[in-house]
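The values are calculated or read from the model by the stated rules, or taken from the named source; none is laboratory data. Just so we're clear, the structure is a prediction, and the values are computed from it rather than from any experiment. So basically every Cβ, Gly included, is an ideal-geometry build from the backbone, and we count neighbours across all protein chains shown.
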């Protein structure tokens, strides 16, 4: 279980402190898929980076399974069971997909076992296992390979920062299937996704809404989504995002 207690985060720009997150307290229970959503600039990605340990809060505490991890590094949090998938996956020149998955497990993983993780995210293992993790892979392929590494880590908490960003419609549809499969398998672990997309919101157990760095809503999907209905619209075959100041985000 993840607990955020009175978390605030500020940055200094031009000698002035600017608040990004304001006194947020939040619990992410085990066995759930939680989606954090809200307007652009609301603090969603900042929240994900705080949980992963990429940045540290200005004030407040973060607990994971009862342990204070506020000052823990991203490496130590990964060892504690927190997996993080970046909005833009990292490309590793010279590193093969098999090597990446084996590094994620921290064991001498066999090729057969590595292929199981690729199959779980909808990739043909024979075509990808020896591919180099470089520019030859599309954004959708990289996203699914990164998710495969998160699966390989067997993380107790898997955090995904806007996984739909920069991928095509076909990849987005497959991404939804991957998350639906993960959702069925979680027991003592949990999944946290930062997303605007209605189709991702619809597979959530709980929804958290951040706006202007403040927690404005948190609860079961069926309770929260009706209140957001006025700011969301669906497009056949693709979930449009939350409307942002009169504009639109599309996958």
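Within region 20-62, restricting attention to residues that are touching a helix residue (DSSP H, G or I) at 6+ places or on another chain (Cβ under 8 Å) and part of a strand (DSSP E or B), which residue is farthest from residue 156 (Cα to Cα)? So the residue we want is 20. Identification of helices (runs of 4 or more DSSP H) wholly contained in region 85-187 with 1 or more residues that are within 25 Å of residue 75 (Cα to Cα) yields 97-105, 111-120, 139-153, 169-185.
Of everything in region 188-206 that is crowded, with 23+ Cβ neighbours inside 10 Å and not in a loop (DSSP other than H, G, I, E, B), the residue that is farthest from the chain's Cα centre (by Cα) is 200. Only one entry in 136, 73, 110 is farther than 28 Å from residue 44 by Cα, surrounded by fewer than 14 Cβ atoms within 10 Å (Cβ to Cβ), modelled with pLDDT of 80 or more and out of contact with any strand residue (DSSP E or B) (no Cβ under 8 Å at 6 or more places or on another chain), namely 110.
Among the conditions (1) closer than 24 Å to residue 165 by Cβ; (2) modelled with pLDDT of 80 or more; (3) crowded, with 19+ Cβ neighbours inside 10 Å; (4) in contact with a strand residue (DSSP E or B) (Cβ under 8 Å, 6 or more places away or on another chain), the only one that residue 78 does not satisfy is (3). Figure legend. Inter-residue proximity from region 36-49: first residues at positive phi, second residues in a loop (DSSP other than H, G, I, E, B), beta-carbon distance below 6 Å, spacing 6+ or different chains. Indicated pairs: 43/213.
Assess whether residue 29 counts as being touching a strand residue (DSSP E or B) at 6+ places or on another chain (Cβ under 8 Å), surrounded by 15 or more Cβ atoms within 10 Å (Cβ to Cβ) and in contact (Cβ under 8 Å) with a residue 60 or more places away in the chain.
In short, no.
Listed by first and then second residue, the pairs linking a residue in region 185-198 that is without any contact (Cβ under 8 Å) to a residue 60 or more places away in the chain to a residue that is surrounded by fewer than 17 Cβ atoms within 10 Å (Cβ to Cβ) and assigned to a loop (DSSP other than H, G, I, E, B), with Cβ atoms under 9 Å apart and 6 or more places separating them unless they lie on different chains, are 197/249; 198/233. Can you tell me how many residues in region 163-173 are in contact (Cβ under 8 Å) with a residue 40 or more places away in the chain, surrounded by fewer than 21 Cβ atoms within 10 Å (Cβ to Cβ) and in contact with a helix residue (DSSP H, G or I) (Cβ under 7 Å, 6 or more places away or on another chain)? Matching residues across region 163-173 total 2.
Considered as a group, the residues in region 1-19 that are over 23 Å from residue 71 (Cα atoms) and part of a strand (DSSP E or B) include one that is nearest to the chain's Cα centre (by Cα), and that residue is 13.
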